[in-house]
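**Q** My questions all concern the structure below.
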Amino acid sequence: NDVITDIRQIPVPFPDMDPDHGAESSDGDWTTVFHGQGVALCGMASAAVNLFREHIDSILYFAKQGYRIRLVGHSLGGGVATMMGVLILKHLERFTNLQQNYDSSLEETSLLRVYAYGTPSCLDAKLAASVDSFVTTVVLHDDVFPRLTPTSCRGLLKHLLHIRETWVKTHIEEDLRAVGERAKTAWAPRFRHSFALNTTSTSSIKKYCKKQIQKG
């Protein structure tokens, strides 16, 4: 199921959209986005909407009881948790009795927090900026997965093509020659010189060992 969700990369307006029909647009290849919306990946958006519809009643019940909401996800789950946080926050803002319990808006409080680990790029810049107040993302060192975007992939391809046209053609012969020289030293010689103790050395070792045995 995760593979199917991952490969559904059609952009859809988010939130307040029908995940099954959000990608349809009268503008051909363009996705229609209205005020207050951003663009998200269809597969993760659909998963977030389904989880939201399934659990929002329970979440709202506990929020009214004073509990704080924490969503945690890794990789694909981090993207789904982030989108679900957007939907939950939008839903909670409709209830004035919840906002009265806090001096500031729900976004500025700790009522809702999302912690996402190794999350792939799944929102546009506008929508990503809007979740800064309640979403914390964690990336391990040089993990490439959260950095993969259509723009970064195009940039990498462009760089590789540039290298092929410049560096490779210029240095390929030199590199192959260096590899060949290195390969010659990778294997041991076919024949090695033998090593054996001469008679004098053997007798000296025997005498030494005999003395050590006698000494105990």
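**Q** Pull up the stretch 104-116, narrow it to residues that are out of contact with any helix residue (DSSP H, G or I) (no Cβ under 6 Å at 6 or more places or on another chain) and at pLDDT 90 or above, then point me to the one that is most open to solvent (accessible area, probe 1.4 Å).
**A** Going through the qualifying residues, I end up with 115.
**Q** If I filter the stretch 39-83 down to residues being open to solvent by 20 Å² or more (accessible area, probe 1.4 Å), part of a helix (DSSP H, G or I) and touching a strand residue (DSSP E or B) at 6+ places or on another chain (Cβ under 9 Å), which single residue comes out as farthest from residue 112 (Cα to Cα)?
**A** The selected residue is 77.
**Q** What's the number of the condition residue 177 fails, among (1) within 37 Å of the chain's Cα centre (by Cα); (2) modelled with pLDDT of 75 or more?
**A** (1)
**Q** Continuing with this model, one more query. Give the number of residues within the stretch 142-163 that are surrounded by 10 or more Cβ atoms within 10 Å (Cβ to Cβ) and either farther than 30 Å from residue 78 by Cβ or of a type in the set (A, V, I, L, M, F, W, C) (or both).
**A** Counting residues in the stretch 142-163 that are surrounded by 10 or more Cβ atoms within 10 Å (Cβ to Cβ) and either farther than 30 Å from residue 78 by Cβ or of a type in the set (A, V, I, L, M, F, W, C) (or both) gives 9.
The values are calculated or read from the model by the stated rules, or taken from the named source; none is laboratory data. Only a predicted model underlies this, so the values are computations on that prediction, with no experimental measurement involved. No Cβ is skipped: glycine too gets one built from the backbone with ideal geometry, and neighbour counts run over all protein chains shown. Protein only, heavy atoms only, side chains kept; ligands, DNA and RNA dropped before computing areas. Shrake-Rupley method; radii C 1.70, N 1.55, O 1.52, S 1.80 Å.
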